[in-house]
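The values are calculated or read from the model by the stated rules, or taken from the named source; none is laboratory data. Everything numeric in this text was worked out from a predicted model, so none of it was measured. Cβ: placed from backbone, ideal geometry, glycine included. Neighbour counts: every protein chain shown.
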Amino acid sequence: MNRHTLPGKATGRSVDEITQGRRLRRMRKADWSRRLVQENRLTVDDLIWPIFVIDGENRREEIAAMPGVYRMSIDLAVREAERAAGLGIPALATFPNVDLSLRDQTGSHILDADNVINRATRAIKAAVPQIGVITDAALDPFTSHGHDGILRDGIIVNDETVDQVAAAAVVQARNGADIIAPSDMMDGRIGAIREALDANGFQDVAIMSYATKFASAFYGPYREAVGTAGLLKGDKKTYYIDHANSDEAVREAEQDLAEGADMLMVKPGLPYLDIIRRLKDEFAMPTFAYQVSGEYAMIRAAAANGWIDGERAMLESLLAFKRAGCDGILTYFAPDVARLLKS
Ligand code: PBG
């Protein structure tokens, strides 16, 4: 009788009697057996890298609340895109920070074919055609009030915003965007974008819907990055989903798919793993998570204080998205992870 089969002091029964011989630790014993039974893996193919672009040349501005993330002028963004492609990162998502003088009540600058987003797409696709470029058709970086829609008498007007967003999507596609990812949560935007793209000959441009975007406190650092933090009055609860809700997220995703979305996104990420799993099980569609700025900032800040191992926390958080059912993750960690996975 070995040690483990001795009757326990408290129960009078041996561990083998209790477990009926099932010992889950057996496969955890060695590195080789842990690798053999590992269910999910994170690879570079899972990564989408969100970047911030600005006007000018050779400009790189640090974002205080996002250490290690920079706003970059287009020339530098192109260099980073080359590096990202070299690491095997499949796609970038671009976000602008434009001068205040270019922002107005309706976000009209989004329609300018020569705005910094469209110029960035052209430059990146010319230099690095093998990387996917994802553009956001939401108005918030272009409005004087920081909302994702047109604001009239204190109301974000839905249908007029949808027209503007669909027109912006066409301009972005015309300038080379591979995927349009509208993050504004207006009703009907996916259908309107699909129709507008098709009517203009962009049948092959895909739509990644920010289908379930929750009203969240985790977007703070992003608003600093795109310069909407100081502009925004009130909150976005009249258009983003209440973070208490889950069935509503399923209805949003269902609606967006019916209107023609090719991919679904859940945003923020880590606090919403339950939503990811529900959408994947329900729809079996390509499903993505956006590990947003606040999630990035939390890991970076805790790591900088020596409170957690930042590298391990980063990898653990990203693998959690895979386990929850994600096909990929938008993450500011993308280049760091890609480098780590390569080494
Ligand atoms: C708005 C938008 C947001 C993010 C990207 N586009 C949220 C917001 O400002 O309300 C957040 C991304 C992040 O936090 O990393 N359309």
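Going through (1) in contact (Cβ under 8 Å) with a residue 40 or more places away in the chain; (2) away from the ligand (no atom under 16 Å from the Cβ) one by one, GLY269 falls short only on (2). Among the residues of the stretch 243-261, the ones that are under 30 Å from MET314 (Cβ atoms) and surrounded by fewer than 17 Cβ atoms within 10 Å (Cβ to Cβ) come to 3 in all. Every listed requirement among (1) more than 20 Å from ILE134 (Cβ to Cβ); (2) within 13 Å of the ligand (Cβ to nearest atom); (3) out of contact with any helix residue (DSSP H, G or I) (no Cβ under 9 Å at 6 or more places or on another chain) is met by GLY294 save one, (3).
Residues of the stretch 182-240 that are hydroxyl-bearing (Ser, Thr, Tyr) and crowded, with 16+ Cβ neighbours inside 10 Å: SER183, SER209, TYR210, THR212, SER216, TYR219, TYR222, THR228, TYR239, TYR240. Of all residues in the stretch 214-246, exactly one satisfies the criterion of being of a type in the set (Val, Ile, Thr), more than 9 Å from the ligand (Cβ to nearest atom) and within 27 Å of LEU102 (Cβ to Cβ), namely THR238. When the residues of the stretch 247-266 are filtered to those that are of a type outside the set (A, V, I, L, M, F, W, C) and within 16 Å of the ligand (Cβ to nearest atom), the one that is nearest to ILE134 (Cα to Cα) is ASP256.
No other residue among LEU318, LEU270 is touching a Phe, Trp or Tyr at 6+ places or on another chain (Cβ under 9 Å), more than 19 Å from MET185 (Cα to Cα), of a type outside the set (Val, Ile, Thr) and surrounded by fewer than 22 Cβ atoms within 10 Å (Cβ to Cβ) apart from LEU270.
All of (1) in contact (Cβ under 8 Å) with a residue 60 or more places away in the chain; (2) surrounded by fewer than 11 Cβ atoms within 10 Å (Cβ to Cβ) hold for VAL37 with one exception: (1). The residues listed here are ALA196, ALA211, ALA249; of these, the one that is touching a helix residue (DSSP H, G or I) at 6+ places or on another chain (Cβ under 7 Å), at pLDDT below 95 and farther than 20 Å from ALA297 by Cα is ALA211.
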